[in-house]
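Heads up: the structure comes next, in structure tokens.
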Amino acid sequence: MAVGFFGGRAYLLTPTDFPGLSHHAKLHVAYMRMLLHVEACFGQHLPDVALILTTSDTPRYVSPRVVNASSPPPRVPPLHRAGQPFEPGPYPIAGIGKSDFYPDLLLVPNFHFHMKLYDNTSLASIPAFDESTPWEERKNVLFGRFSQYRTNRNQADPDTLKAGRGGKGICYDENKICPVREHFIKELADKDKARMDVTFRRRVTMQKHTEYKYLVNLDGQGISSRLEQLLPLGSVVFKQQSGYYAYYYRTISSRLEQLLPLGSAVFKQQSGYYAYYYRTCCGRGCGTSPAPGPLLPGFLAALQLIADKKKCSMDALCNKLADADPMASVTKAEFVRHHDDKTTYTGVYRAGGPRTLAGAK
């Protein structure tokens, strides 16, 4: 859909067959309403500009190898406000997701931000999500519900190629289609149901997701719009490292605690599955967040030292840790009065110890 601003007003520049667009028609209408809102807010301050809006989950039309052109050609107003003919096409293309293979594609906010009333239904509900299921009451399970979409990609794009467990390829049709969700569920979640409840079953509400400490986000046909709905829920969100990214990913990436590769018990490092830890504080007191925090880099460094000492790979060590029993039984020392009861201390220790006194001097 070709759109533009001329003289501070929003224009639809191409005849659009909305019935022929099927379910994408309402997505284009959402963008038209957004453009009208931009017109109302900024009006005459807007520069004259034309662009092509696409609602596809997968970038298709712009790349180093594909000519940037629109069909049919946009019909821009004959004169812009400066009284000179407007620059002819082709015009920039804007969409909801891209990879680095499409450097000149412009990213715009996902239409679901508007259609699902994100501010009211997600952000405004953060206190209710926290109060309904506190962290300590959430299930220690990785949870996810998905539609049976398969990821589409350009076969020449190295960033979006997918491999399965053990590095085995899972894509087909000349590597243009990758059943990422299907592979994750069959090869990982179904084999560890005690810790993962990830299926193609019917949808559940976002409120239901708050019953779980860990949530997973996997690509659909391309970029997934589920991530922005999961982040405000107060759980730890695991996101597939897909190669695709959206308008706001670079912004929230500054809030990432750490990119952590996990073993095959959760995600397989060689398969291209990784985990992002997001601290989704959103003004709720980050100090009480269960996210890994600044200790994580040191923890990873310690794991590497252990792996070196045991002469095994980092992946093998992570697998062993993931398979270990999280409960540990240790001997609890008995109470020793002269050590544990500080009221029995005498001399310098009764005053707090040598370091305290040295600091006072």
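May I ask you to order 224-232, 32-40 by the average number of other C-beta atoms within 10 Å around their residues, highest value first?
Details: 224-232: 21.8, 32-40: 14.0.
The peptides rank, most packed first, as 224-232, 32-40.
So for 249, 214, 349, 102, fewest C-beta neighbours within 10 Å to most, what's the order? Present the calculation step by step, with values, prior to reporting the outcome.
On the way: 249 16, 214 20, 349 12, 102 24.
Neighbour counts put them in this order, fewest first: 349, 249, 214, 102.
Neighbour counts of other C-beta atoms within 10 Å: give me 336, 216, 49, 180 arranged from fewest to most. All intermediate terms of the calculation are to be shown ahead of the outcome.
Values: 336 8, 216 28, 49 15, 180 25.
Ordered by Cβ neighbours within 10 Å, fewest first: 336, 49, 180, 216.
Quick one: what are the phi-derived ³J(HN,Hα) couplings along the range 213-222, Karplus 6.51/-1.76/1.60 with θ = phi - 60°, whole Hz, x for glycine and proline?
For the range 213-222, the Karplus-derived couplings read 6, 10, 10, 10, 10, 10, 4, x, 5, x Hz, x marking Gly and Pro.
Figure the gain on full extension for residue 136 and residue 314 (residue separation times 0.36 nm, minus the Cα-Cα span) and round it to one decimal in nm.
Working: separation 178, 0.36 × 178 = 64.08 nm, distance 3.01 nm.
Between residue 136 and residue 314, full extension yields 61.1 nm more.
Would you please state which residues of the range 133-159 a label at residue 203 would reach in this model, taking the label point 7 Å out along Cα→Cβ and a backbone N cut-off of under 15 Å?
145-149
Pull out the extension gain between residue 125 and residue 45, defined as 0.36 nm times the separation in residues minus the alpha carbon to alpha carbon distance; nm, one decimal.
Details: separation 80, 0.36 × 80 = 28.80 nm, distance 3.46 nm.
Using 0.36 nm per residue and subtracting the Cα-Cα distance, I get 25.3 nm.
By the scheme Lys and Arg +1, Asp and Glu -1, what is the net charge of all other residues having a beta-carbon under 10 Å from that of residue 142?
+1
Describe numerically, in nm with one decimal, the distance between label points set 7 Å from Cα along Cα→Cβ at residue 174 and at residue 36.
4.3
Which FRET efficiency value, to the nearest 0.05, is calculated for residue 250 and residue 26 with the Förster distance at 35 angstrom and r the Cβ-Cβ distance?
Values: r = 28 Å, r/R0 = 0.80.
Once the sixth-power term is evaluated, E becomes 0.80.
Between residue 182 and residue 306, how high is the FRET efficiency from 1/(1 + (r/R0)^6) when r is the Cβ-Cβ distance and R₀ = 41 Å? Nearest 0.05.
On the way: r = 35 Å, r/R0 = 0.85.
After rounding to 0.05, the efficiency reads 0.75.
Taking H placed 1.01 Å from N in the peptide plane, check which residues at least 5 places from residue 57 or on another chain put their amide H under 5 Å from its amide H.
none
We did not get these values from a lab; they are worked out from the coordinates using the rules stated. Computed from a predicted structure; not experimentally measured. Neighbour counts run over all protein chains shown; Cβ positions are idealised from the backbone, glycine included.
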